[in-house]
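Heads up, the thing below is written out as structure tokens.
The values are calculated or read from the model by the stated rules, or taken from the named source; none is laboratory data. Computed from a prediction, not measured in an experiment: that's the story for all the values here. Cβ placement follows ideal geometry from the backbone for every residue including glycine, while neighbour counts extend to all protein chains displayed. Side chains are part of the model used for accessible areas, which takes the heavy atoms of the whole protein and leaves out ligands, DNA and RNA. Shrake-Rupley method; radii C 1.70, N 1.55, O 1.52, S 1.80 Å.
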2 protein chains.
Amino acid sequence: MSARAGIIVTGTEVLTGRVQDRNGPWLADQLLELGVELAHITICGDRPRDITAQLRFLADEGVDLIVTSGGLGPTADDLTVATVAEFCGRELALDVAMEERIAAILRRLIGDRPGVDFDAVRAANRKQAMVPVGAEVLAPVGTAPGVVVGGDGPTIVVLPGPPRELQPMWHTAVATEAVQQAISGRTQYRQEMLRMFGLAESGLAETLREAEGAIAGFDALEITTCLRRGELEIVTRYEPDAADAYRDLVTLLRDRHGATLYSEDGTTVDEQVAGLLAGHRIATAESCTAGLLAARLADIPGCSDYFAGGVVSYSNEAKAEMLNVDPVLIAECGAVSEPVVESMVNGALYHFGADTAVAISGIAGPDGGSPEKPVGTVCFAVRAGSVAITRTLLLPGNRSDIRERATTVAMHLLRRALTGVGD
Amino acid sequence: MSARAGIIVTGTEVLTGRVQDRNGPWLADQLLELGVELAHITICGDRPRDITAQLRFLADEGVDLIVTSGGLGPTADDLTVATVAEFCGRELALDVAMEERIAAILRRLIGDRPGVDFDAVRAANRKQAMVPVGAEVLAPVGTAPGVVVGGDGPTIVVLPGPPRELQPMWHTAVATEAVQQAISGRTQYRQEMLRMFGLAESGLAETLREAEGAIAGFDALEITTCLRRGELEIVTRYEPDAADAYRDLVTLLRDRHGATLYSEDGTTVDEQVAGLLAGHRIATAESCTAGLLAARLADIPGCSDYFAGGVVSYSNEAKAEMLNVDPVLIAECGAVSEPVVESMVNGALYHFGADTAVAISGIAGPDGGSPEKPVGTVCFAVRAGSVAITRTLLLPGNRSDIRERATTVAMHLLRRALTGVGD
């Protein structure tokens, strides 16, 4: 037995893609942590008819809990509470204490600002104090209270759209009797993430098919794989008594793909590189990625302990002036060549007084390719102390894909070099 | 009469919030442009039961068109095509020509890479060539073909999850007979975008309220505003006979907010800067943004005509060594100060032989703030020929927000300077 939930995100600006929904993913994560299975997220505009259709759909699907976000504002197009009340067959009634509370918040927000008709504002906000009879009211973080409606069907939690209001109010909602009852069948799951780099998705698929026959209890593992930024992520969710099957899966993946399975605890390559760089001093020299690698290293707070800086040497003159690359070398080998990236690395080490450096030079397109060096050709050189790696790869995709993929490849080469694995 | 559509986004990684869905918003925008009304977006995991429930829901809601994204990979958990086929009552059959085509793509991708069992990979990918009988097959951009299934109910377009595959395949799908029939009731709209920088959303709201009273036919304009990357985007959709009202709206916004309304044709600041940089030579000097500005300039194909390169001077030593910033100046004024960014700009101009340069130095946090210079303090210096701008701003948000916002501010200062507007 388990508890299932659905999320309804309302708002025309979200439906039309003008505003990115941040509540669906956040609530999904919260439900997962609670052990509640999320079945559906649905998004619609501020139209009562469409909201009602989605409530009906989720109720028909037999979910135990529905969470809605959005549509609690004072304006006429915000209709979620009234729509939920009608769906549940409840009257709306004015919550006088809540009306006073909203008025107090507004008075504090608006104060004595000149030109504001406080009574008009207050009248507009009276709507927000109308709640379904018998519902539990969630105190507002902004000006909009939420409600929890229990009863015969699924329990419905109605929350406001702004994430900074929704998030604390969700925690209040979870503590209510109606929500606790709805999720009483939840299962406690474990969830683990593995990360791989350098393996095709179909290669992983083959190993997983093998695992199906070879591992006892494999069916108890709920595995999802995802290709992202050139890496494979494998997320496995399982009940505690399937821990042996999961351990066997990790062992099998390690056996078959040891070199590509780089993270068994979910840490990203960025986090691992940051850890490995402690006590080092790193510099970058970038051509086609033009700062993406430097910016990615600097994403990590505290990076100033080891990140000295970098050069974006987009032009050949910059390679010569800023990194001491010999123009003759560029003329002979081309700007995208292994000798040139090795020279760029040396220049970065020297100018930044670094012991670790990465250089990237490639053809991101759409122009600049040739039969010998087509678009997607990228040369890498990495130095970490006495360890050196040089590589030339052909990366797929468009200009933006190639630049991002090259940055990821550089992070992985850096990780290898920092763990002492050279060419 | 109009045409209505629904979007189904599949993928456990999207449902659980681990991967941000980019297809829903993109498809929403495409449908809007076509004049098709989007009623619902639904998201579920890779479970046939849940996908079927969503197909049933949308069909019951009477939509004319359903677009699905995701679940077309070679792994066993990718089941969208089979689920759609069953929903439509169609058998799956091997498309032999498509199988050969996928094999050819794989052969090119994998080549003679050592250790790869090509036949095994090909077998895993055979699944991708199984298509519903009578469906129109969309040629793959990656390795997964899409399908369009017409018939009695809504037309269903099945597309792969990766956006760079989905997007071109969507355009192919729209051209098919089955989709054209499904959307034959659409209304032709015009859609225009304005972009503003430096205006608060509430200031815009006030002007729009004013417009309601002042502009004849204002109600025929469907306006959505969106705050994104520190800019305000105003998208207006209208039927052709409301063109006068739209023209009046633009005039009003120009009158009220002339300095902040920088784009009336939807062009981004990046595109405008790229145009203005023709014939110039630009270099960057970045501290807290650490390459984000350089990478953003290099996003534009053809930027090598004007982009010389940049320095990421994360450490104080790098500011001295690579940009000739006097260490005494840093000691006296601090690394985040107007004299230091002005010195960084001069260093960038000199070392890269540039006539245009931008320097950024700031405190992105979470540490490093002080009462005088709190986290979010960012100094900018821009030079374009004889025009110079220096600014210190306090930017809101977390580390990542501050770095991104600083990059956007720099682009706008650069745009100003290139149009001859200095301090």
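Assorted remarks:
- Assuming charge only on the beta carbon of Lys and Arg (+1) and of Asp and Glu (-1), the dipole of the protein assembly as shown about its Cα centre is about 960 debye to the nearest 20.
- Angle between chain B longest axis and helix B:23-34 axis [Cα atoms, degrees, rounded to 10]: 80
- Cα point-scatterer Debye curve for chain B, base-10 log of I(q)/I(0) at q = 0.07, 0.08, 0.14 Å⁻¹: -0.49, -0.63, -1.16
- Relative to the longest principal axis of the Cα atoms of chain B, helix B:163-174 runs at roughly 50 degrees.
- Carbon + sulfur, % of accessible area of the range A:272-419 - ligands and nucleic acids excluded, 1.4 Å: 51
- Centre separation in Å (Cα based) which lies between the range B:129-167 and the range A:159-185: 39
- Summed side-chain charge close to B:D50 - residues other than B:D50 whose Cβ falls under 11 Å, Lys, Arg +1, Asp, Glu -1: +1
- Inter-copy spacing of A:R254 label points, which lie 7 Å from Cα along Cα→Cβ, given in nm from shortest upward: 6.8
- Solvent exposure, largest accessible area first (probe 1.4 Å, DNA, RNA and ligands not counted), of A:H40, A:H280: A:H280, A:H40
- Only one residue of A:G291, B:A205, B:S343 has its Cα farthest out toward the positive end of the dipole of the protein assembly as shown, where Lys and Arg carry +1 and Asp and Glu -1 on Cβ, and that residue is B:S343.
- Relative pair counts by distance (%), Cα atoms of the range B:306-370, 5 Å bins: 4, 19, 30, 24, 14, 7, 3, 0
- Comment: the Cα-to-Cβ extended label point of B:L109, at 7 Å, lies 5.0 nm from its counterparts in the other copies, nearest first.
- Neighbour-limited loop hits for GluC sites (Glu not before Pro), the range A:332-423 (at most 11 other Cβ within 10 Å; DSSP other than H, G, I, E, B): A:E372
- B/A buried area, accessible surface, summed, 1.4 Å probe, Å²: 5800
- Using a simple spin-label model with pseudo-atoms 7 Å out from Cα toward Cβ, B:T267 and B:A216 lie 3.3 nm apart.
- Carbon + sulfur, % of accessible area of the range A:1-87 - ligands and nucleic acids excluded, 1.4 Å: 50
- Between amide H atoms placed 1.01 Å from N, distances below 5 Å from A:D46 occur with A:G11, A:T12, all of them 5 or more places distant or on a separate chain.
- Counting, for every residue in A:387-398, the Cβ atoms of other protein chains within 10 Å of its Cβ and taking the mean gives 1.
- Positive-end extreme of charge dipole, chain B - chosen from B:H257, B:P140, B:N23 (charges on Cβ): B:P140
- Per-pair calculated FRET efficiency, R0 = 41 Å: A:E33 and B:V96 via Cβ, rounded to 0.05: 0.30
- Charge dipole magnitude, Cβ of K and R +1, D and E -1 - the range A:332-392, Cα centre, debye nearest 20: 140
- Relative contact order (%) - criterion: Cα under 8 Å, at least six apart; region: the range B:4-183: 23
- Chain A - percent relative contact order, Cα under 8 Å, separation 6 or more: 10
- Applying the Kirkwood pairwise sum to the alpha-carbon positions of the range B:4-183 produces a hydrodynamic radius of 16.4 angstrom.
- q = 0.27 Å⁻¹, the range B:182-244: log10 I(q)/I(0) [Debye, one scatterer per Cα]: -1.19
- Only protein heavy atoms count here; on that basis, with a 1.4 Å probe, A:F352 has an accessible area of about 10 Å².
- Shortest-first distances to equivalent copies, position B:D60, nm, label 7 Å out along Cβ: 0.1
- A Förster radius of 51 Å combined with the Cβ-Cβ distance from A:S2 to B:D423 puts the calculated FRET efficiency at roughly 0.20.
- Length available on full extension from B:D401 to B:D326: 0.36 nm per residue minus the Cα-Cα distance, which gives 24.0 nm.
- Rounded tilt (10° steps) of B:243-257 against the dominant C-alpha axis of chain B: 30
- Over 34 Å [Cα-Cα, the protein assembly as shown], rounded percent: 59
- Using the Cβ-Cβ distance between B:D241 and B:V387 with R0 = 41 Å, the FRET efficiency computed as 1/(1 + (r/R0)^6) comes to roughly 0.40.
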